[in-house]
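The structure appears below as structure tokens.
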2 protein chains.
Amino acid sequence: MTLACATCPVRDRAACSVLTEAERDALARAGRTRRLSRGEVLFAAGDADAACATLLDGALKVTHHDADGNERILALIHPAGFTGELFAPFAGHDVVALTDSRLCVFARRDMESALRAHPALAEALLRRSQEDLHAARALLALGSNRSAVAKVGALVLALAEGASDSPCHPAAAFDLPLTRGEMANMLGLTIETVSRALTRLERDGALRRTGSRGIELIDPARLGETI
Amino acid sequence: MTLACATCPVRDRAACSVLTEAERDALARAGRTRRLSRGEVLFAAGDADAACATLLDGALKVTHHDADGNERILALIHPAGFTGELFAPFAGHDVVALTDSRLCVFARRDMESALRAHPALAEALLRRSQEDLHAARALLALGSNRSAVAKVGALVLALAEGASDSPCHPAAAFDLPLTRGEMANMLGLTIETVSRALTRLERDGALRRTGSRGIELIDPARLGETI
DNA sequence: CGTGATCTTGAAAATTTTCAAATAGAGTGG
DNA sequence: CCACTCTATTTGAAAATTTTCAAGATCACG
């Protein structure tokens, strides 16, 4: 499927938004959209022909598997986010859909030549990269919360912000893109502890649960408390 | 002090190494070297005239202070690393010297115009930025180790790699740039737990301590074990 | 050689993990 | 469409780890 930038849900926020319409259309001819359903792999670590992509819809996780086969979640990607190795000769991590997702995919060689042709694109990707760095550091900060409840609260808040259309404001209600096991993995806790923490946050009136994935924020400030 | 790229200890690894000699000298005229001693602040969060810098020598920490005044360490910067906000109008984090350090500092406006003049520099910074991202993700991975001993072991190993001249090989002996409190902060543990973990790693023959900061790696593989 | 700060160590308290089982949800085939 | 099955989630109680609180030891430095 060829690209339809005119209807792109993230055309104002993604890296390619810095291009002129003509430049963007030229890049668009090299790319295509792709749909993934939950669990589908976009890139696998070691792929020699790894591409790169902008996420339009849904959510992705970037993971690494250690020698014992344990999965570690290194990053989450939300709409308008960019993923893919631009310089390494092969993919360093797995990138997997957490929910049904739509992406705009480019071969790395095309993206690299676009970078050379359009300095503004390199700058935009640099900017995005700094945002990724901030996001990674935000995840790091989750680990320094003292209690398990505070860690889970902070993660839920971060997920609410990622799920929101407007940056800087958490979505009032959304579905967790992560299983309890994935949340536990990210926080260095066990599934049971995460579950108990959510139960407690609900009991304390910080949020409400609908089913096992639905979350409604009642008192976002309480979620951020470091206790 | 003006720059002397010819004697720069990281001239083969830093972002500016992609420039031709002439380009680099042009950039060098805009920058200067600076020395910091342990504890000195390079940038403070909120600085309007924040600059950016390449680290030549020593070690830096990037920190954030939350509402309660607690410090969170978001990143460590080792020689050849780059720091500074290129796009935000002011510094987002504090950057502080962990040991006596030397840096190569540029005003942001000069660096931004250099980026526009030299696309290769933008690409090199993008590459560096991706490395920063990998580093941040490596720190994230520390949190997913199950036990406190494994977390501390992994952090010591990461610090040994940062202290090494050759990438990918840990230094056999080095001084910890972090206090116990800073290590505890990064790992979400207490000072006492970090201290006990080091004692145990020494008792188990993974490392040897000299004074409170000196570390000699005896069995690096054991430091990486996730137990 | 003090002096203050950092680091180590010990024992009780608190939190988290582990182990075990019940409940709820999602998907499948009749 | 419903019953069935499999997986994910929740909950409980004991075991293990970590934190807290309290001292003592060591180090850097004037």
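The values are calculated or read from the model by the stated rules, or taken from the named source; none is laboratory data. Because the structure is predicted, anything quoted here is derived from the model rather than measured. Note that we place each Cβ from the backbone using ideal geometry, even for glycine, and neighbour counts take in every protein chain shown. Please note that ligands, DNA and RNA were not included when accessible areas were found on the heavy atoms of the full protein model with its side chains. Shrake-Rupley method; radii C 1.70, N 1.55, O 1.52, S 1.80 Å.
Accessible area per residue for segment A:26-66 in Å², computed with a 1.4 Å probe and the full protein assembly in place, what is it? Could the numbers behind the result be given before it?
Numbers: 1840 Å² over 41 residues.
On a per-residue basis, segment A:26-66 sits at 45 Å².
If amide H atoms are built 1.01 Å from N in the plane of the peptide, which residues on other chains or at least 5 residues away come under 5 Å of the amide H of A:Phe43?
It is A:Val95, by chain and number.
For A:Arg146, place a label point 7 Å out from Cα along the Cα→Cβ vector, do the same in each other copy, and report the separations in nm, one decimal, smallest first.
Spacings between copies for this position, smallest first, are 2.7 nm.
Each label point is 7 Å from the Cα along the Cα-to-Cβ direction; what then is the distance between the points at A:Ser147 and B:Ala4, in nm?
5.7 nm
Each residue of segment B:33-49 in turn: what ³J(HN,Hα) in whole Hz from Karplus with 6.51, -1.76, 1.60 and θ = phi - 60°, glycine and Pro shown as x?
8, 9, 10, 10, 9, 3, x, 5, 8, 7, 10, 10, 3, x, 3, 7, 9
Compute the helix-to-body angle for B:21-30: its Cα long axis versus the longest principal axis of chain B, expressed 0 to 90° and rounded to tens.
Rounded to the nearest ten degrees, it is 90.
Counting only protein heavy atoms and using a 1.4 Å probe, what share of the accessible area of segment B:5-139 belongs to carbon plus sulfur, as a whole percent?
Working: 2920 of 5970 Å².
Roughly 49 percent of what the probe reaches on segment B:5-139 is carbon or sulfur.
Amide H of A:Ala59: which non-local residues (sequence gap of 5 or more, or other chain) have their own amide H closer than 5 Å, using H built in the peptide plane?
Answer set, sorted by chain and number: A:Leu98, A:Thr99.
Which of B:Leu76, B:Leu103, B:Leu126 moves most in a GNM of chain B, Cα contacts under 10 Å?
B:Leu126
Could you tell me the total accessible area buried at the B-A interface, probe 1.4 Å, in square angstrom to the nearest hundred? Spell out each step's value before the answer.
Numbers: alone 11990 and 12000 Å², together 20880 Å².
By this definition, chains B and A bury close to 3100 Å².
Hey, can you grab everything whose amide H is under 5 Å from the amide H of B:Ala171? Only 5+ residues off in sequence or another chain; H modelled, so Pro and N-termini drop out.
B:Glu161, B:Ala163, B:Ser164
Suppose R0 equals 45 Å. What FRET efficiency, 1/(1 + (r/R0)^6) with r the Cβ-Cβ distance, do A:Arg203 and B:Arg203 give to the nearest 0.05?
Numbers: r = 43 Å, r/R0 = 0.95.
Calculated transfer efficiency: 0.60.
With charges only on Cβ, +1 for K and R and -1 for D and E, what is the dipole size of chain B about its Cα centre, in debye, rounded to 20? Display every interim value, and only then the final one.
Numbers: 27 positive and 29 negative charges, 61 e Å.
That gives a dipole near 300 debye.
Assuming R0 = 22 Å, can you tell me the calculated FRET efficiency for the pair B:Ser166 and B:Glu131, based on Cβ-Cβ distance, to the nearest 0.05?
On the way: r = 15 Å, r/R0 = 0.70.
FRET efficiency, B:Ser166 to B:Glu131: 0.90.
Using Cα atoms only, what is the angle between the long axis of helix B:148-163 and the major principal axis of chain B, expressed in degrees (0 to 90) to the nearest 10?
40 degrees
Heavy atoms only, probe 1.4 angstrom, no DNA, RNA or ligands counted: give me B:Thr210, A:Thr190 ranked by accessible area, highest first.
On the way: B:Thr210 95, A:Thr190 60 Å².
Final ranking, largest accessible area leading: B:Thr210, A:Thr190.
Could you give me the ³J(HN,Hα) list for segment A:65-71, computed from phi with Karplus coefficients 6.51, -1.76, 1.60 and θ = phi - 60°, whole Hz, x at Gly and Pro?
10, 7, 4, 7, x, 6, 7
What average count of beta carbons from other chains do you get within 10 Å of the Cβ of residues in A:118-126?
5
Please compute the length gained on full extension between B:Glu216 and B:Asp25, using 0.36 nm multiplied by the number of residues separating them and subtracting their Cα-Cα distance. It would help to have the intermediate numbers written out before the result.
Values: separation 191, 0.36 × 191 = 68.76 nm, distance 3.96 nm.
Answer, rounded to one decimal: 64.8 nm.
Which of rounded, prolate or oblate describes segment B:144-223 when judged by the alpha-carbon gyration tensor and an a/c cut-off of 1.5?
Details: a/c = 1.42, a/b = 1.35, b/c = 1.05.
Rounded is the answer for segment B:144-223, as its axis ratio a/c remains below 1.5.
Over segment B:144-223, give the accessible area per residue in Å² for a 1.4 Å probe, as an integer. Could you put the intermediate results ahead of the total?
Values: 3710 Å² over 80 residues.
That works out to 46 Å² for each residue.
If you average the C-alpha positions of segment A:55-96 and of segment A:109-126 separately, how far apart do those two centres end up, in angstrom?
So the two Cα centres are separated by 21 Å.
Binning at 5 angstrom from zero up to the longest distance, how are the C-alpha pair distances of chain B distributed in percent?
Bins of 5 Å from zero give 1, 7, 14, 18, 19, 15, 11, 8, 5, 2, 0, 0 percent of pairs.
Helix A:119-142: angle to the longest alpha-carbon principal axis of chain A, degrees 0 to 90, nearest 10?
10 degrees
Once you have the alpha carbon radius of gyration of segment B:5-139, what is it after dividing by 2.2 N^0.38 Å, with N set to its residue count? Mind dumping the intermediate values first?
Details: Rg = 14.4 Å, N = 135, 2.2 N^0.38 = 14.2 Å.
Rounded to two decimals, the normalised Rg is 1.02.
Which of the residues in segment B:33-76 lose at least 40 Å² of accessible area when you go from the chain alone to all protein chains together (probe 1.4 Å)?
Output list: B:Arg72, B:Leu74.
Enumerate the calculated ³J(HN,Hα) couplings along segment B:217-224 in order (Karplus 6.51 cos²θ - 1.76 cosθ + 1.60, θ = phi - 60°), each rounded to whole Hz, writing x wherever the residue is Gly or Pro.
With the stated coefficients, segment B:217-224 comes to 7, 9, 9, x, 4, 5, 5, x Hz.
What value, in deg cm²/dmol to 500, does the helix sum -39500 (n - 2.57) over DSSP H runs of n ≥ 4 give at 222 nm once divided by the residues of chain A? Don't skip to the end; give the middle numbers.
On the way: 7 runs with 85 residues, N = 227.
Calculated mean residue ellipticity at 222 nm is -11500 deg cm²/dmol.
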